[in-house]
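A short write-up of the structure that comes next.
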Amino acid sequence: MFRIIVNILKGKAKAAFGKPLNGNERFLLTSLFSKTDRIASAIVANNVHPKLIDQNYDFVKLTSSVEANLELFEILLDRFPFFDACLAPSWLGLAGNGLEELGTSMRITPMVDPTPYKFALDKVSFNELTLPENTGYLEKQIRLICEVQDRYAMNAPPIILGAFDLAMLLRGEKLITDFRIYRDYMKASNESIKQKIEKKGDPNFFPKLLEFTTKASIHIGNMYKSQGANMLGIVITDQYANPPLMSPDDFLTYIYPYVENVWKKFKRYRPTVGYMPPSPMVAEQITDYPALSGIASFNNYMFPQDEIGLTSAEYDTQMVELSKKVKIPYQYIIHGKFLRDCSEKELEKELVRVCNMGTEENIPLSIGLVSVPLGTDLSKLDKVIEVIKEYGVYD
């Protein structure tokens, strides 16, 4: 935490006197909606397919060794040193979120990010679920984050699954049926309707499971803390509770209370909740909810994309106006499909547009890269930095 505070103070002093910032300072000040020298850039390490970085690494190797994750991370840092933030690696994928330790079996193959193939609640009853211990893939993930924090001059906050995301990965898509039974039961206007709903399933199962996964999320967060991880900026993801699975109104009514319970447990560490709004209108709506008013929920990640993988420029205009209003920085996400398939000229055109938008409105803004798939020419990442350096400088 001391390192982060020092970077913030140094960055503010440099910005006040018009001096250039380093990457850590720039990204931190942007996150705080503070004055900076240019638009910030970020790449999420584990969202780049490992084979694009080095052919010697695959998901079998990366889920077997903490050291392999750190080695690949260093290769990525060396290859792309000019990104302001290269967020901590988690090439363990979903396996690192405690799912195996909670009972969900993971399929791990060389080329595909680890995925569940048999959910915990298809194997055991609810009453047989127990909180995970610090073993297996979860232990590796916690150790990995602690190592990244110790080795590199950057913040690497733990990322834990929120109650709904964790429940989805213990129950699978059956959770949506559970939810609808619960919602319809809660909305039922009379006893006759409730009895009909009860024939479809137990209305109490959904809240019972969410109460358990809330405890599990908090428990896993506390495990990071007990192992010495710096918890500042801990990320709590609840991104599955989104269209088409769930409407924003249903999320806010039925899921948000569980989100807030996890958020409150780590409030002193300035947690950020990764609920991805599907539109600027929803982005504005959720700013009224304390747990959802941070930077992790202020991007275009879940906005509708066109056939080439771009979100609407009109949405960007709305998000910039909202950013100025609520003092939260907008993070523009370049989707992997567009990055893979676009020409260099198409990429430059889009980046210039976004940079001009940020500098003309004079607001802290960042450009992030996620889900960089196989087949992507990684020299395009160099182009991203080149354009930001030329067009993303504030007066």
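Of note:
- Filtered residue count, the stretch 49-93, keeping only those that are of a type in the set (Val, Ile, Thr), over 22 Å from residue 150 (Cα atoms) and touching a helix residue (DSSP H, G or I) at 6+ places or on another chain (Cβ under 7 Å): 1
- Only listed residue being closer than 24 Å to residue 237 by Cβ, within 19 Å of the chain's Cα centre (by Cα) and in contact (Cβ under 8 Å) with a residue 60 or more places away in the chain, chosen from 319, 302: 302
- Options 228, 233, 201; residue that is surrounded by fewer than 17 Cβ atoms within 10 Å (Cβ to Cβ), in contact (Cβ under 8 Å) with a residue 12 or more places away in the chain, under 30 Å from residue 143 (Cβ atoms) and not β-branched (Val, Ile, Thr): 228
- Scanning the stretch 327-370 for residues that are within 16 Å of residue 35 (Cα to Cα) and free of Cβ contacts under 8 Å to residues at least 40 places away in the same chain gives 330, 360, 362.
- Criterion applied to 58, 54, 37 was being closer than 21 Å to residue 391 by Cα and among the charged types (D, E, K, R), and the one residue passing it is 37.
- Screening the stretch 13-29 for residues that are part of a helix (DSSP H, G or I) and hydrophobic (A, V, I, L, M, F, W, C) and picking the one that is nearest to residue 42 (Cα to Cα) gives 27.
- Within the stretch 340-395, considering residues that are out of contact with any helix residue (DSSP H, G or I) (no Cβ under 7 Å at 6 or more places or on another chain) and of a type in the set (Ser, Thr, Tyr), the one nearest to residue 317 (Cα to Cα): 359
- Residue list for the stretch 30-70, restricted to those being assigned to a helix (DSSP H, G or I), without any contact (Cβ under 8 Å) to a residue 40 or more places away in the chain and surrounded by fewer than 16 Cβ atoms within 10 Å (Cβ to Cβ): 64, 67
- Scanning the stretch 347-367 for residues that are outside any loop (DSSP other than H, G, I, E, B) and either touching a Leu at 6+ places or on another chain (Cβ under 9 Å) or of a type in the set (A, V, I, L, M, F, W, C) (or both) yields 347, 350, 351, 352, 354, 355, 357, 358, 359, 365, 367.
- Qualifying residue in the stretch 378-395 (condition: part of a helix (DSSP H, G or I), more than 25 Å from residue 46 (Cα to Cα) and aromatic (Phe, Trp, Tyr)): yes
- Of all residues in the stretch 201-236, those satisfying the criterion of being in a loop (DSSP other than H, G, I, E, B), at pLDDT below 95 and either at negative phi or out of contact with any Cys (no Cβ under 9 Å at 6 or more places or on another chain) (or both) are 229, 230, 231, 232, 233, 234.
- Taking the criterion of being surrounded by 22 or more Cβ atoms within 10 Å (Cβ to Cβ), in a loop (DSSP other than H, G, I, E, B) and aliphatic (A, V, I, L, M), the only residue of the stretch 237-275 that qualifies is 241.
The values are calculated or read from the model by the stated rules, or taken from the named source; none is laboratory data. Fair warning: this is a prediction, and the values are worked out from it, not measured in the lab. All Cβ positions, even for glycine, are placed from backbone atoms using ideal geometry, and neighbour counts span all protein chains on display.
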